[in-house]
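S.K.: Let me begin by handing over the structure; questions about it come next.
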Amino acid sequence: MPRYYFNVHDDGNSLNDDGIEFADKRAAGIEALRYAGELIKAKAEQLLGGNPWYMEVTDERGLLVFRLNFRLIDFPLAAFAK
């Protein structure tokens, strides 16, 4: 089975040296979304500051397979007042 690496780039980069084996690219994509959801829950307070972060999923050759970008963008209600 192919091995995929989940690298998170935020205020403190977290690079995955071990990787995880998945049956295929689709299975790795599903896990990337699930893992991102866990990170959002765990880092909600930090993410509220609006600092962008992203996760890159690479394959065994180091080729980029997926990139998930995240950023909270605050739109003050006053901007919509007439």
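S.K.: log₁₀ I(q)/I(0) of the stretch 1-41 at q = 0.15 Å⁻¹, via Debye over equal Cα point scatterers, no solvent, to two decimals?
M.R.: Those come out to -0.37, one per q.
S.K.: Roughly speaking, to the nearest percent, how much of the chain's 1.4 Å accessible area is carbon and sulfur?
M.R.: 54 percent
S.K.: Follow-up question, since we're still on this one. With a 1.4 Å probe and all protein chains left in place, how much accessible area per residue does the chain have, in Å²?
M.R.: 73 Å²
S.K.: When all C-alpha to C-alpha distances in the chain are sorted into bins of 10 Å, what percent of pairs does each bin hold, rounded to whole numbers?
M.R.: Distribution as computed: 17, 44, 24, 10, 5, 1 percent.
S.K.: Once each part is reduced to its C-alpha centroid, what is the distance from the stretch 8-32 to the stretch 40-78 in angstrom?
M.R.: 13 Å
S.K.: Measure nothing fancy, just the Cα-based angle from helix 25-42's long axis to the longest principal axis of the chain, in degrees from 0 to 90, nearest 10.
M.R.: Once rounded, one gets 40 degrees.
S.K.: How high is the relative contact order of the chain? Use alpha-carbon pairs under 8 Å, at least six apart in sequence, and give a whole percent.
M.R.: 32 percent
The values are calculated or read from the model by the stated rules, or taken from the named source; none is laboratory data. Computed from a predicted model, the values in this text were never measured in an experiment. With ligands, DNA and RNA removed, areas are computed over all heavy atoms of the protein, side chains included. Shrake-Rupley method; radii C 1.70, N 1.55, O 1.52, S 1.80 Å.
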